[in-house]
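Worksheet: one structure, shown below.
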Amino acid sequence: MELTHRPVISSTGLFTPSETISNAELVESFNNYVELFNTRNADAISAGEVEALAPSSVEFIEKASGIKARHVMAKDPILDPETMEPRWPERGNDELSILAEIGVLAARQALEKAGRDAKDVDAVLCAASNMQRPYPAMAIEIQQALGIDGFGFDMNVACSSATFGIQTAADYIRAGNARSVLVVSPEITSGHLNWRDRDSHFIFGDVATAVLVEDAAIAPAEHWDILGTKLKTVFSNNIRNNFGFLNRASPETEGTPDKLFVQEGRKVFKEVVPMVAQMIIDEADRLGIEPEGLRRLWLHQANAGMNRLIAHRVLGHEANDDESPTVLDTYGNTSSAGSIIAFHLNSEDLKAGDTGLICSFGAGYSAGTVFVRKAA
Ligand code: COA
């Protein structure tokens, strides 16, 4: 078959964990922890040696972020104020790791939707903000579990991992190095979230997504043409996670809060909104696309207010939920998976010829745009 070297999105897949935590449950647990902490440290607090913790509130969370609930792999004992971390037994080397397992579930759905046999896939990219381990790569484990003959590797660009993965996959297609590439984003963010941190305990949720990027020549009739992809990174300390293999060289700081997700949320909001809005407008211009004519924006799901502002700048008017759908309310921030969930759940109703944008942004800073047009 003659290849076109034109990359398309053939299908997507989504795995959603069955367990959820509502804001009310989350805040109740957090406030129990605060009360316990303040009682246990009452003397030190009154002596001015320790700062008392302040309670969280459902109203604040919903107003500041738009998040109402999140899915997690295991609710218990995250809500137990004595633990506030996920727990599950470590798996043996001969078992599928938990991150690979959910990646495989999302990937299978994408393959099925495209009618694609695993043996016809050439590569697997595991694009996510946290990996189970340094090696062997999660992508290779997923590749093996699916029975794919080819290659795989992991890539981490935090919240932008999936769009960076899509561009990487698209470049393989453009260069003729692959015909079919799976981009899998398993995000078990409950593992990097500091459930004891009032500023961020409400942010994240667990999920896995998969995107099948292929040469137009082999794609199913129902697919999305990729009109253009663009990536951008600008260094910032405002979203950080210092967890890493060299932590053991400094045992004095083992387990400090910076070994989990930390951010200066307000600064992120202020700096990322204009950066991303401009990037979208510039890239639309380069591709000869009128931003106002975009039928739908599938934006990164971190904050409803950020999305409102970005969509307004791009479309030139206040976007409604049909133009810029949110999944943040039920999924929370799922890091790199957010814009893909939005696309997966809100794209079937579009008509052939409709143009839209998948866009992610987050730590790094990093941002990625994927302009798409429905083919059929
Ligand atoms: N419950 C109640 N009040 C809280 C609270 C909580 N859980 N957390 C913080 N507050 C308080 C603060 O103490 C502060 O009080 P003050 O005004 O008396 O000082 C006030 O609420 C505002 O805090 P701030 O942190 O400035 O809130 P915000 O409006 O910036 O919202 C975020 C916080 C995180 C929701 C928001 O900044 C955000 O989403 N930013 C973008 C983050 C992002 O995209 N990150 C990418 C990660 S992938």
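Of the residues examined, A363 is one that is within 16 Å of the ligand (Cβ to nearest atom), over 24 Å from D285 (Cβ atoms) and in contact with a Cys (Cβ under 7 Å, 6 or more places away or on another chain). Which residues, taken from region 54-77, are within 22 Å of R133 (Cα to Cα) and either open to solvent by 60 Å² or more (accessible area, probe 1.4 Å) or among the β-branched types (V, I, T) (or both)? Within region 54-77, V72 is the sole residue that qualifies. State which residue is surrounded by the most Cβ atoms within 10 Å (Cβ to Cβ) when the search covers only region 152-167 and only residues that are under 20 Å from W298 (Cβ atoms) and of a type in the set (A, V, I, L, M, F, W, C). Result: A162. The residue pairs whose first member lies in region 320-338 and is in contact (Cβ under 8 Å) with a residue 24 or more places away in the chain, whose second member is open to solvent by 50 Å² or more (accessible area, probe 1.4 Å) and within 14 Å of the ligand (Cβ to nearest atom), and whose beta carbons are closer than 6 Å, counting only pairs six or more residues apart or on different chains, are D329/K68.
Checking each residue in region 137-151 for being buried (at least 24 other Cβ atoms within 10 Å of the Cβ) and not in a helix (DSSP H, G or I) picks out only I148. Quick one: in region 166-213, which of the residues that are within 16 Å of the ligand (Cβ to nearest atom) and in a helix (DSSP H, G or I) is nearest to T369 (Cα to Cα)? Across region 166-213, the extreme among qualifying residues is T189.
A Cβ distance below 9 Å, combined with a sequence gap of six or more or placement on separate chains, defines the contacts here; from region 176-201, residues that are at positive phi reach residues that are open to solvent by less than 10 Å² (accessible area, probe 1.4 Å) in the pairs G176/D215. The set of residues in region 212-230 that are touching a helix residue (DSSP H, G or I) at 6+ places or on another chain (Cβ under 6 Å) and open to solvent by less than 60 Å² (accessible area, probe 1.4 Å) comprises L212, V213, D215, P220, I226, L227, G228, T229.
Is at least one residue of region 284-293 part of a helix (DSSP H, G or I) and either among the β-branched types (V, I, T) or crowded, with 23+ Cβ neighbours inside 10 Å (or both)? Yes, the conditions are met somewhere in region 284-293. Whenever a residue of region 126-154 is within 18 Å of R108 (Cα to Cα), its partners that are among the hydroxyl-bearing types (S, T, Y) and outside any helix (DSSP H, G or I), lying with C-beta atoms within less than 8 angstrom and at least six residues away or across chains, give the pairs C126/S185; A127/S185; A128/S185; M138/S97; E141/S97.
Can we say L125 is open to solvent by less than 40 Å² (accessible area, probe 1.4 Å), over 16 Å from the mean Cα position of the chain (by Cα) and not small (G, A, S)? No: the conditions fail for L125. A count restricted to region 168-187 and to residues that are in contact with a Leu (Cβ under 8 Å, 6 or more places away or on another chain), open to solvent by 10 Å² or more (accessible area, probe 1.4 Å) and of a type outside the set (D, E, K, R) stands at 2.
For beta carbons closer than 9 Å, sequence separation of 6+ or different chains, a first residue in region 48-77 that is assigned to a helix (DSSP H, G or I) and a second that is acidic (D, E) and open to solvent by less than 80 Å² (accessible area, probe 1.4 Å), the qualifying pairs are E62/D329.
Restricted to helices (runs of 4 or more DSSP H) entirely inside region 295-376, those with at least 1 residues that are open to solvent by 10 Å² or more (accessible area, probe 1.4 Å) and in contact with a Lys or Arg (Cβ under 8 Å, 6 or more places away or on another chain) are 328-331. Taken over region 12-53, the criterion of being within 28 Å of the chain's Cα centre (by Cα) and open to solvent by 50 Å² or more (accessible area, probe 1.4 Å) is satisfied by S18, E19, T20, A24, E25, E28. The lone criterion from (1) in contact with a Pro (Cβ under 9 Å, 6 or more places away or on another chain); (2) within 16 Å of the ligand (Cβ to nearest atom) left unmet by L328 is number (1). Total residues in region 231-264 satisfying the condition of being surrounded by fewer than 17 Cβ atoms within 10 Å (Cβ to Cβ), over 21 Å from P134 (Cα atoms) and within 16 Å of the ligand (Cβ to nearest atom): the figure is 6.
Look at (1) out of contact with any helix residue (DSSP H, G or I) (no Cβ under 8 Å at 6 or more places or on another chain); (2) crowded, with 18+ Cβ neighbours inside 10 Å and you find that D94 fails only one, number (2).
The values are calculated or read from the model by the stated rules, or taken from the named source; none is laboratory data. On a predicted model such as this, the values are computed, not experimentally measured, just so you know. Glycine also receives a Cβ, built like all others from the backbone with ideal geometry; neighbour counts cover every protein chain displayed. Heavy atoms of the whole protein, side chains included, go into the accessibility calculation; ligands, DNA and RNA do not. Shrake-Rupley method; radii C 1.70, N 1.55, O 1.52, S 1.80 Å.
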